[in-house]
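Chemist: Sharing a structure here in structure tokens format.
The values are calculated or read from the model by the stated rules, or taken from the named source; none is laboratory data. Only a predicted model underlies this, so the values are computations on that prediction, with no experimental measurement involved. Note: ideal-geometry Cβ built from the backbone for every residue, glycine included; neighbour counts use all protein chains shown.
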Amino acid sequence: MIEIQELYKYYGDRRAIGPLSVEIGKGEIIGLLGLNGAGKTTTLRILACDLVPTSGTVKVGGSDVVADPDAVRARVGYLPDRPPLYDDMSVTEYLSFAAKLRRVAKADVAKRVADAVELTELGEVRSQIIGTLSHGFRQRVGIAQAIVHRPEFVVLDEPISGLDPVQIVEMRELVRALRGDHTVIVSSHILTELSETCDRLLVIEQGRIAWSGTEQELFTKFGRGMQLTVTVRGGSEQQVAALVKAVKGVVDAELTTPSEPGDGIVTVRIGSSQDVRDAVCRELVKADLQVLELVRRHGLEDMVLKLLGGEEIERRRGRRKLEPEGGPPSKHESAGEPS
Amino acid sequence: MSRVLLIARRELFAYLRSPLGTVILAAALLVDGIYFYALGLSEKLVSADVLREFFYGASGSTMIASLFLSMRLFAEERQTGTLVLLNTSPIKDWEIVAGKFLSAFAVIGALTLLTAYMPALIFVNGKVSIGHILVGYAGLLLLASAAIAIGIFGSALARSQVVAIIISAVILVSFLALWKVARAADPPLNRFLSALALHHDNFRPFMLGRLEFGRVAYYVAMTYFFLLASTKVLEARRWR
């Protein structure tokens, strides 16, 4: 179990975190969600004993990160946003080194490395030099080093950063595979990724927990209404849009690029104030149209923006308005020199 | 201790796999060889003087090699982000520092061993005592350990290896130049500064084959001080 009480971290005069209090139970997969600079990485670094908090207490499995950091380190596996890999070592050499650093008994090292390689599906590159691996495999090696000593807690900072769509799906499966044996904390600003993987979300804003709960709870509280995408065949764009707009509860209907190729295929994005899925289907079928697909879009991003109260967004937008078109001024411009 | 050796093995491995270790060893050996060859050809020096001058020349190349070997030890880890692995493992900061020191010292030990043929040549063709050779080498290793510790300290302070070696070189040269400053100072400050100088008064006895406890203690203390300072730098970074 992780207990964080009144945690503060200052960098000079700037408050990065605080006050932050939260408890994380055994076996949970927690998603730490927040905008860039919200304090996610600082929180995770404190949990991994890479940073010391300014004040407050952080206990991991009953051990305090300041009073007994080595006990915490032995229980935590940490993947920073940039995997800490030695490019001159092979995958197995590196994992053996990481296991020995984490006090794995000499007799168990080979077995632990083999287990980590199997779980992270690194078998085909196990003898390869890390410097020659692709980004996706490097992320996997990063996760493998975080779990090679079978820690109770696994802390993953932006594990899907820079991965392609296939690698993202693989990484999601990998994180899910950690469920049960480990308590996992994953940070990301890609909201849908966390909703796919995590049991509970912690939304962090300006160093504080702005909200905590399951995706369903988040949806219930902030996600009134529904976002749908419907694809039909056999009608004109105008006809489909008119039919959908006529359904009670539909607030907005917007034609969009068809979700699949073919003649007479129309896709409409629908915003509604209530669950209108059955009503929309019924209307379309009554008009003798073929409903090919109806997908409920998770408007998690929108919900989190609502949750954050829009203050941070407005602050950022305000900052952008002050900047000239095409981004912030260049050094030459800001120095008053002709460009 | 096992984790100190684990870190030391990892760093030795890095020296062997990268061209850095080989290039530094080769360059130092080349400089030592040329210097010794020039001395050996000189007819004005007797065997003991050749040996003394050899240790004098070797001390310079050893100090420079020590700085170049140690500049990467922390700066590179910080640059590539691998220091996080060490920082978040259940290992003490002093164990990390000691492991890295041991690896660089082992490479310098190899360098020293590879120069052994030069005094051996004097031994074969001239008349020098084995004790003189052994004491001279002990001095070289002690001087190297102090230079490595200074290099590690510079590396712990910097993110870039270039900055690291500049910091280390400034510290090293400052300690080398203290004997010169001592000449301009009044007693008792001059004796204090002279005793602190990295080379002059402290290394000369080793060059002459005299083993003095005070000089040994000086180099051990210098090594300890800079390794301790490096450990404190690592600790302080967690609190920033």
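Chemist: Residues of region A:114-131 being of a type outside the set (Asp, Glu) and either within 11 Å of chain B (Cβ to nearest Cβ) or over 27 Å from the mean Cα position of the chain (by Cα) (or both), which ones? Walk me through how you get there before you give the answer.
Modeler: So the first thing to find is which residues in region A:114-131 are of a type outside the set (Asp, Glu), and the list is A:114, A:116-117, A:119-120, A:122-123, A:125-131.
Residues satisfying the conditions are A:ALA114, A:ARG126, A:SER127, A:GLN128, A:ILE129, A:ILE130, A:GLY131.
Chemist: Is region B:187-209 home to any residue that is among the basic types (Lys, Arg), touching a helix residue (DSSP H, G or I) at 6+ places or on another chain (Cβ under 7 Å) and away from chain A (no Cβ under 14 Å)? Spell out how you get there, then give the answer.
Modeler: So the first thing to find is which residues in region B:187-209 are among the basic types (Lys, Arg), and the list is B:191, B:204.
Right, trim to touching a helix residue (DSSP H, G or I) at 6+ places or on another chain (Cβ under 7 Å) and you get none.
No, because not a single residue in region B:187-209 is among the basic types (Lys, Arg), touching a helix residue (DSSP H, G or I) at 6+ places or on another chain (Cβ under 7 Å) and away from chain A (no Cβ under 14 Å).
Chemist: Answer yes if at least one residue in region B:107-114 is crowded, with 21+ Cβ neighbours inside 10 Å, within 14 Å of chain A (Cβ to nearest Cβ) and touching a residue at least 24 places away in the same chain (Cβ under 8 Å), and no otherwise.
Modeler: Within region B:107-114, none of the residues are crowded, with 21+ Cβ neighbours inside 10 Å, within 14 Å of chain A (Cβ to nearest Cβ) and touching a residue at least 24 places away in the same chain (Cβ under 8 Å).
Chemist: Further, regarding this structure: Among the residues of region A:19-40, are any closer than 28 Å to A:GLU215 by Cα, within 13 Å of another protein chain (Cβ to nearest Cβ) and buried (at least 20 other Cβ atoms within 10 Å of the Cβ)? Write out each step before concluding.
Modeler: Of region A:19-40, the ones closer than 28 Å to A:GLU215 by Cα are A:19-40.
Cutting the leftovers down to within 13 Å of another protein chain (Cβ to nearest Cβ) gives us none.
Among the residues of region A:19-40, not one is closer than 28 Å to A:GLU215 by Cα, within 13 Å of another protein chain (Cβ to nearest Cβ) and buried (at least 20 other Cβ atoms within 10 Å of the Cβ), which makes the answer no.
Chemist: Please verify whether B:LEU69 is within 19 Å of B:SER230 (Cα to Cα), within 14 Å of chain A (Cβ to nearest Cβ), touching a residue at least 40 places away in the same chain (Cβ under 8 Å) and hydrophobic (A, V, I, L, M, F, W, C), treating the condition exactly as stated.
Modeler: Taking the combined requirement at face value, the residue does not satisfy it.
Chemist: Taking region A:85-98, which residues are touching a Lys or Arg at 6+ places or on another chain (Cβ under 7 Å), more than 9 Å from chain B (Cβ to nearest Cβ) and surrounded by fewer than 21 Cβ atoms within 10 Å (Cβ to Cβ)?
Modeler: Matches in region A:85-98: A:THR92 only.
Chemist: Where in region B:165-240 are there helices (runs of 4 or more DSSP H), lying fully within it, with 2 or more residues that are touching a His at 6+ places or on another chain (Cβ under 9 Å) and surrounded by 18 or more Cβ atoms within 10 Å (Cβ to Cβ)?
Modeler: B:178-184
Chemist: Now for a different question. If B:VAL23 satisfies every condition in (1) within 14 Å of chain A (Cβ to nearest Cβ); (2) free of Cβ contacts under 8 Å to residues at least 24 places away in the same chain; (3) in a helix (DSSP H, G or I) but one, which is the exception?
Modeler: Answer for B:VAL23: the failing condition is (1).
Chemist: Taking the stated definitions as given, is B:LEU41 under 19 Å from the mean Cα position of the chain (by Cα), away from every other protein chain (no Cβ under 12 Å), exposed (fewer than 12 other Cβ atoms within 10 Å of the Cβ) and among the hydrophobic types (A, V, I, L, M, F, W, C)?
Modeler: It is false that B:LEU41 is under 19 Å from the mean Cα position of the chain (by Cα), away from every other protein chain (no Cβ under 12 Å), exposed (fewer than 12 other Cβ atoms within 10 Å of the Cβ) and among the hydrophobic types (A, V, I, L, M, F, W, C).
Chemist: Then there is this: Report yes if A:LYS26 is at pLDDT below 90 and either within 21 Å of the chain's Cα centre (by Cα) or over 19 Å from B:THR88 (Cα atoms) (or both), otherwise no.
Modeler: When the stated conditions are applied, A:LYS26 passes them.
Chemist: Being within 11 Å of another protein chain (Cβ to nearest Cβ) and more than 28 Å from B:LEU73 (Cβ to Cβ) is true for just one of A:ARG102, A:ARG150, A:ARG75, A:ARG82. Which residue is that?
Modeler: A:ARG75
Chemist: Okay, next question. Which numbered condition trips up B:GLU235, out of (1) touching a helix residue (DSSP H, G or I) at 6+ places or on another chain (Cβ under 7 Å); (2) more than 14 Å from chain A (Cβ to nearest Cβ)?
Modeler: Failing condition for B:GLU235: (2).
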